[in-house]
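Asks: Got a structure for you, questions after.
A short reminder: the numbers here are calculations on the coordinates, not readings from a lab. Predicted model, so just to flag it, every value in this text is computed and none were measured. No Cβ is skipped: glycine too gets one built from the backbone with ideal geometry, and neighbour counts run over all protein chains shown.
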Amino acid sequence: AKALGRSKFAYFTNDLRTKVLREQQVQKRLRIAIENELLDVHLQPILDVNTGAICHLEALARWNDSELGQVFPDEFIPVAEQSGLIGALGLQIAKKAIIYTQYLSSVQNKPLNVSINRSALEFELLNGKLDPLPELIAELGFDPCQLCIEVTESLLLKKPEMAKISLQRLKEHGISLSIDDFGKGYSSLSYLKHFAFDNLKIDRSFISDINNNKSDFILVKTIIEMAHNFGMKTIVEGVETKKQLDAVLSLGCDYVQGYLLTPGLSFEKISDYLKEYNP
Ligand code: C2E
Ligand code: CA
Ligand code: CA
Ligand code: CA
């Protein structure tokens, strides 16, 4: 038993060492990537089910490093948060997303909207300082009405007073707000009455089994009704099959997003996709 304990411990420390080394490596390369503006943005369409048109895109950070290869946001976003890089990362993603959307809007000859993800920590780090986002939008000549910020519930639960002020300022600039991953994690409903969200995004964990699981179906139905009663539009995320699409359409959601339409696409690919989709 003693030997087993020791080897388990050795296994654990090795594991931990590997993890720490990887984090240090990712942090080092990420800093270089941000300094050289090497992060890229993929855009995923959000379909308006009432018109059948795509007029909204979600910006998803992408990073293909020359040494590490493709690193995914679930790994590098936490590293950016821990190392103080998240603010610079957020602005770089915002800038590219806006420039892409401006180009796509002009090609499509209609104003497209774009959603940008912002982690709770980005708001916390601002800590009452002026939010650089409205200035960036103005510099780029982008209409703030075309911009939407997606935040998760953790922001609202951790720092409700600060969140309220920061979000209110963005709204005053004409920027829209979405509550992301709704229903995942904590879910305290009381904050909904304190914050003026335009859209509520239903987490994809409710959708994956919606055709077999009656509870999920009822939850999605209830969330959509509640959102509408609060004057919010609903976006259903993670729609992967036609059957899932039919289910959420029957429940009256406003927008859908997911692999059934397409995953996030590079700038070149989204250009072609939109040309075919909204001719
Ligand atoms: P999220 O904001 O919930 O974004 C949706 C994630 O689900 C994306 O993963 C997207 O590629 C994926 N997805 C979209 N449709 C489907 C589907 O039908 N099925 C499945 N299984 N997945 C789908 P991604 O791009 O890996 O991003 C993961 C998370 O990383 C995002 O979750 C978001 O929280 C964060 N993230 C991504 N880009 C940024 C960013 O620029 N800033 C910040 N702060 N966070 C970001
Ligand atoms: Ca999101
Ligand atoms: Ca989400
Ligand atoms: Ca998420």
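Asks: Please compute the Kirkwood hydrodynamic radius of the stretch 96-151 from all pairs of different C-alpha atoms, in Å with one decimal. Walk me through the numbers on the way to the answer.
Replies: Numbers: mean 1/r = 0.0815 Å⁻¹.
Taking the inverse mean of 1/r over all distinct Cα pairs, the stretch 96-151 comes out at 12.3 Å.
Asks: To continue, here is another question. Given only helices, namely DSSP H runs of n ≥ 4 each adding -39500 (n - 2.57), what is the per-residue ellipticity at 222 nm of the chain, to the nearest 500 deg cm²/dmol? Can you show the working numbers first?
Replies: Working: 10 runs with 137 residues, N = 279.
Computed mean residue ellipticity for the chain: -16000 deg cm²/dmol.
Asks: What order do you get for 90-97, 152-159 when each peptide is scored by the mean count of other beta carbon atoms within 10 Å, highest first? Numbers along the way, then the final one.
Replies: On the way: 90-97: 20.6, 152-159: 18.9.
Per-residue mean Cβ counts within 10 Å order the peptides as 90-97, 152-159.
Asks: With all pairs of different alpha carbon atoms counted, what Kirkwood hydrodynamic radius in Å does the stretch 1-132 show?
Replies: Its Kirkwood hydrodynamic radius stands at 17.3 Å.
Asks: Can you give the net charge of the other residues whose Cβ lies under 13 Å from the Cβ of GLU237, counting K and R as +1 and D and E as -1?
Replies: Numbers: positive: LYS184, LYS201, ARG204; negative: GLU58, GLU150, ASP180, ASP181, ASP203, GLU240, ASP254.
That works out to -4.
Asks: From the convex hull of the Cα coordinates of the chain, what is the mean projected area in square nanometres?
Replies: Details: hull surface 71.8 nm².
The orientation-averaged projected area of the Cα hull of the chain comes to 18.0 nm².
Asks: Follow-up question, since we're still on this one. If the cut-off is a Cα-Cα distance under 25 Å, which lysines reach LYS269, setting aside same-chain residues fewer than 8 apart in sequence?
Replies: Leaving aside lysines fewer than 8 places away in the same chain, those within reach of LYS269 are LYS95, LYS96, LYS110, LYS201, LYS242.
Asks: List the DSSP H helices in the chain whose Cα atoms stretch 20 Å or more along the helix axis and whose mean Kyte-Doolittle hydropathy is at least 0.5.
Replies: Span-like helices, by this rule, are 86-108.
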